[in-house]
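A short write-up of the structure that comes next.
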Amino acid sequence: MKTNFRFLFLLLSLVSLDQLSKFIFHENSICNKNIAWSIPIAPSVFYFLWAIIFLFLIYCFLNRKHFEKTALVFIISGGISNIIDRLAHGCVIDFIDIKIWPVFNLADVYITIGILMLLLEYIKSPSRKTGHQNF
């Protein structure tokens, strides 16, 4: 129970930090109506895919160990924060522009960190060597 509270606290903290950063840097932001790297997608397709992926991530979260759960919290937090943007503004608010990459936000960073954590766990996992699948 205590661990689940920590995961919930982490999730709420990450979402809050992303939303606060978007509020602070709104003057320098862009409204991205597309998905990653500004790839266009129909809203109905997006929300359908998002719901499927979100449910899959929750399922994975419920069936993983601590490190993987932490990675999944990062991914879920990024997804939730970007969905909040879409529902509130009709687009995702992006404001970090490093010129050599498309403009992004902290939620995108969270998703990337979570994916990298899962990849790291997969690479070092002994079950990978024995042929057992993690998912």
Out of all the residues in the stretch 108-117, is one or more surrounded by fewer than 13 Cβ atoms within 10 Å (Cβ to Cβ), of a type in the set (A, V, I, L, M, F, W, C) and under 16 Å from the mean Cα position of the chain (by Cα)?
-> yes
Might you let me know whether the stretch 82-95 holds any residue that is surrounded by 15 or more Cβ atoms within 10 Å (Cβ to Cβ), farther than 21 Å from Leu55 by Cβ and without any contact (Cβ under 8 Å) to a residue 40 or more places away in the chain? no
Of Leu87, Leu62, the only residue that is of a type outside the set (Gly, Ala, Ser), closer than 22 Å to Thr3 by Cα and at pLDDT below 95 is Leu62
message: If I filter the stretch 15-22 for residues that are without any contact (Cβ under 8 Å) to a residue 60 or more places away in the chain and either surrounded by 12 or more Cβ atoms within 10 Å (Cβ to Cβ) or aromatic (Phe, Trp, Tyr) (or both), do I get at least one hit?
response: yes
Trp101 vs (1) touching a helix residue (DSSP H, G or I) at 6+ places or on another chain (Cβ under 8 Å); (2) farther than 24 Å from Leu8 by Cβ; (3) among the hydrophobic types (A, V, I, L, M, F, W, C): all pass except (1)
Within the stretch 40-54, identify whether any single residue is surrounded by 19 or more Cβ atoms within 10 Å (Cβ to Cβ), over 12 Å from the mean Cα position of the chain (by Cα) and outside any helix (DSSP H, G or I), and answer yes or no.
no
The condition from (1) over 15 Å from Ala36 (Cβ atoms); (2) at pLDDT below 95; (3) surrounded by 15 or more Cβ atoms within 10 Å (Cβ to Cβ) that Ile100 misses is numbered (3)
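The values are calculated or read from the model by the stated rules, or taken from the named source; none is laboratory data. Computed from a predicted model, the values in this text were never measured in an experiment. Every residue, glycine as well, gets a Cβ built from its backbone with ideal geometry; the counts of neighbours run over all protein chains shown.
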